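J.: Provided herewith is a single structure, encoded as C-alpha cells, for subsequent inquiry.
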Amino acid sequence: MRPFFLTAIFLLVSLGMSWAEVTYFQTKALAGDGTYSMLRRYQLDGHRCNFDQFYQLNSIDKNTGLRAGRLYFLPIQVYTFDGRTIRSTIGNNDWNTAVKIRDYNLALVNLGLLTSSYDKSLKLLVPHHILNCEEETINIASPVSTDPEEVSGGSGSTAENDGISSSGGRRLFPIFGPEYAYTPLASTKLRGKVFYVVGGHGGPDPGAIGQRGNYRLCEDEYAYDVALRLCRNLIANGATAYMINRDPDDGIRNDKFLECDTDEVIWGDIRQSSNQKVRLTQRSDIINELYDKHRLQGVTDQKVVVIHVDSRSQSQRTDLFFYHHPSSESGRDLARQMQRIMRAKYRRYRSNGEYHGTVTARDLHMLRECKPTSVYIELANIRNTTDQQRIIIQRNRELLAEWMLEGLMNEGDD
C-alpha cells in the first residue's frame, strides 16, 4: 500500500505574483507529524536553512504544531524538466550541483516518496539547501547563557563535556541538590557518549496522580527523582548527560512522599507551555538542537531516555516496561537490552523471580520527534498500592536508576 501522502505529491502551489516565479512542493502532514519528522522524511533535516525556509513558507513559528491532513509547503522548489539536462532546466551550469539534485530525486524515488523519476514525470525537485546553503555548517548555539550541569569549586563554570572537570573543579553538579551535587568519577566507560534524560510531565502538568493514605503522589515528581539519579549515574561514568526537565529547587530527594509543585522548566530556563503539544515540542526541539551541536563535534552515540509513571486500574500491577518508536531498530534494541537487565535483576531480587515487563512499539511524540535513539520507560502503576512501593521507597528509586544505567552501559551485549 502506498503512503497516504503520495496522493498530494504533485499538488503544486505557486508563491508570488505568477506561476513563472517559484513553485514549491507540498505534502500532507501525517498523524503525529512535527517539523523535524516531516523534514527528516524528505532528507531535509541536515541544514538549518531548510527549517527556516519551512517556517517562512508556511507562516508558522518554531513551536507551532502541525495538523494531520493539512498541506504544508516543503523547502523544495519544483521545476518542469526540459527533457535535456538538470543544468539547463534550473539555469545553473555547475556539474556538482546537478549531480546532487539528481541523487536527491533518485533517493526520494527509492524511499517511495516519488512515484517516478524526473525524466519520466518531468517534475524536478530541488531542495532549498542545495542552491542556497549547501556549505552551511549547522552551528546551533547553546540555548542557555551558562554551562550546566557542572560548576567548578570557585573558578567559574564548565560544562560536563566528557565527565571530567576540565577546570580542576570539584565535580559539583547543583542540579542534583546539596547532598548529591558532588559526583565523583567512578569510570570513563561512557566517555564520548551523550544522553538526554527527560522526566515526564512537569511544570503545569503533574501527570498521573496516585493516592496513598493522606498523601498525593504526582507522577512528575517521582519520574523526575529517578531521572536525576540516572543522570548522576551517567555523569559519574564519564558521559555527557543533560536534564531536559529541570526543577530549580528539587534535587535528589530521599523522602517517601515528594511534594508536588509546578516550577519545573525546560533546559535553558524556558518556561513550560500550558499546551501539551507545545510543551512536548519544546523538549524535542531542545534535544535536537543539542544533538546537532554534538554531531558536528563528532559525537556518534547520543540517546534520549524518557521516564514516566503509568496510570491504570487501581487493581492492576505492572512491572517496569518500555516503548520504542515503530521505525527505530536502534530504539527497539536499546529497549530490549534494558529489559534484559531488568529481567535479570527481578530474577535475583524478587522472591518469585518473575518479571513481566514488556517492550512495545508506540508512536509517541518524544520517540518520533527526537533525532537521537530514544527509549521511553514506565516505572509502575501509580494507582496500585504494591507498585507504589517501587517509587516511594528511596532505595527502590536508587536501584531503578542503577539498573537503567547498567542497561545503557551494556547496550549491544547478549
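Listed here are the residues, each with its yes/no results for (1) buried (at least 16 other Cβ atoms within 10 Å of the Cβ); (2) modelled with pLDDT of 95 or more; (3) in a strand (DSSP E or B); (4) within 29 Å of the chain's Cα centre (by Cα).
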| position | (1), (2), (3), (4) |
| --- | --- |
| ALA107 | no, no, no, yes |
| SER116 | no, no, no, no |
| VAL126 | yes, yes, yes, yes |
| SER142 | no, no, no, yes |
| GLY153 | no, no, no, no |
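J.: Okay, moving on. Please verify whether the stretch 346-363 includes one or more residues that are among the aliphatic types (A, V, I, L, M) and closer than 22 Å to ARG229 by Cβ. Before you say what the answer is, go through the steps one by one.
T.: Our first condition is that a residue be among the aliphatic types (A, V, I, L, M); within the stretch 346-363, this holds for 359, 361.
Retained after the next criterion (residues that are closer than 22 Å to ARG229 by Cβ): none.
No - not one qualifying residue is present in the stretch 346-363.
J.: Output the residues belonging to the stretch 281-299 that are more than 19 Å from ASN245 (Cβ to Cβ) and open to solvent by 20 Å² or more (accessible area, probe 1.4 Å).
T.: Start the filter on the stretch 281-299 by keeping residues that are more than 19 Å from ASN245 (Cβ to Cβ), which leaves 292-299.
Scanning the stretch 281-299 gives LYS293, ARG295, LEU296, GLN297, GLY298, VAL299.
J.: What pairs can you find where one residue is in the stretch 252-271 and under 16 Å from GLY200 (Cβ atoms), the other is of a type in the set (Phe, Trp, Tyr) and open to solvent by less than 50 Å² (accessible area, probe 1.4 Å), and their Cβ atoms are less than 9 Å apart, with a gap of 6+ or different chains?
T.: Pairs found: LEU258/TYR222; LEU258/TYR224; GLU264/TYR224; TRP267/TYR196; TRP267/TYR242.
J.: Could you run through the stretch 30-62 and say how many residues are open to solvent by 60 Å² or more (accessible area, probe 1.4 Å) and touching a residue at least 12 places away in the same chain (Cβ under 8 Å)?
T.: Adding up the residues that qualify gives 4.
J.: Could you count how many residues in the stretch 368-414 are touching a strand residue (DSSP E or B) at 6+ places or on another chain (Cβ under 8 Å) and either of a type in the set (Phe, Trp, Tyr) or in a strand (DSSP E or B) (or both)?
T.: So the count comes out to 9.
J.: Within the stretch 4-55, restricting attention to residues that are of a type in the set (Val, Ile, Thr) and over 12 Å from LEU113 (Cα atoms), which residue is modelled with the lowest pLDDT?
T.: VAL13
J.: Search the stretch 316-333 for residues being over 18 Å from HIS365 (Cα atoms) and either touching a Lys or Arg at 6+ places or on another chain (Cβ under 8 Å) or touching a residue at least 60 places away in the same chain (Cβ under 8 Å) (or both), and hand back the single one that is surrounded by the most Cβ atoms within 10 Å (Cβ to Cβ).
T.: Among those that are over 18 Å from HIS365 (Cα atoms) and either touching a Lys or Arg at 6+ places or on another chain (Cβ under 8 Å) or touching a residue at least 60 places away in the same chain (Cβ under 8 Å) (or both), it is LEU320.
J.: Report the residue count in the stretch 291-331 for those that are closer than 12 Å to TYR376 by Cβ and either assigned to a helix (DSSP H, G or I) or among the small types (Gly, Ala, Ser) (or both).
T.: The qualifying residues number 2.
J.: Anything in the stretch 262-280 that is assigned to a loop (DSSP other than H, G, I, E, B), closer than 25 Å to LEU172 by Cα and either open to solvent by less than 40 Å² (accessible area, probe 1.4 Å) or in contact with a Gly (Cβ under 7 Å, 6 or more places away or on another chain) (or both)? List them, or say none.
T.: Scanning the stretch 262-280 gives GLU264, TRP267, GLY268.
J.: I need the full set of residues from the stretch 66-99 which are surrounded by 17 or more Cβ atoms within 10 Å (Cβ to Cβ), of a type outside the set (Phe, Trp, Tyr) and under 26 Å from GLU289 (Cα atoms), in order please.
T.: The answer is LEU66, LEU74, PRO75, ILE76, GLN77.
J.: Could you tell me which residue of the stretch 347-367 is surrounded by the fewest Cβ atoms within 10 Å (Cβ to Cβ), considering only residues that are in contact with a Leu (Cβ under 9 Å, 6 or more places away or on another chain) and assigned to a helix (DSSP H, G or I)?
T.: Only one residue fits best here, namely TYR349.
J.: Determine which member of the set ALA208, ALA223 is open to solvent by less than 10 Å² (accessible area, probe 1.4 Å), under 28 Å from GLU369 (Cα atoms) and at pLDDT 95 or above.
T.: ALA223
J.: Kindly establish whether GLY83 is among the small types (Gly, Ala, Ser) and in contact (Cβ under 8 Å) with a residue 60 or more places away in the chain.
T.: no
The values are calculated or read from the model by the stated rules, or taken from the named source; none is laboratory data. For clarity, every value in this text was computed on a predicted model and none was experimentally measured. Here the Cβ is made from the backbone with ideal geometry for all residues, glycine too, and neighbour counts use every protein chain on show. Areas reflect the complete protein model, heavy atoms only, side chains present, ligands, DNA and RNA absent. Shrake-Rupley method; radii C 1.70, N 1.55, O 1.52, S 1.80 Å.
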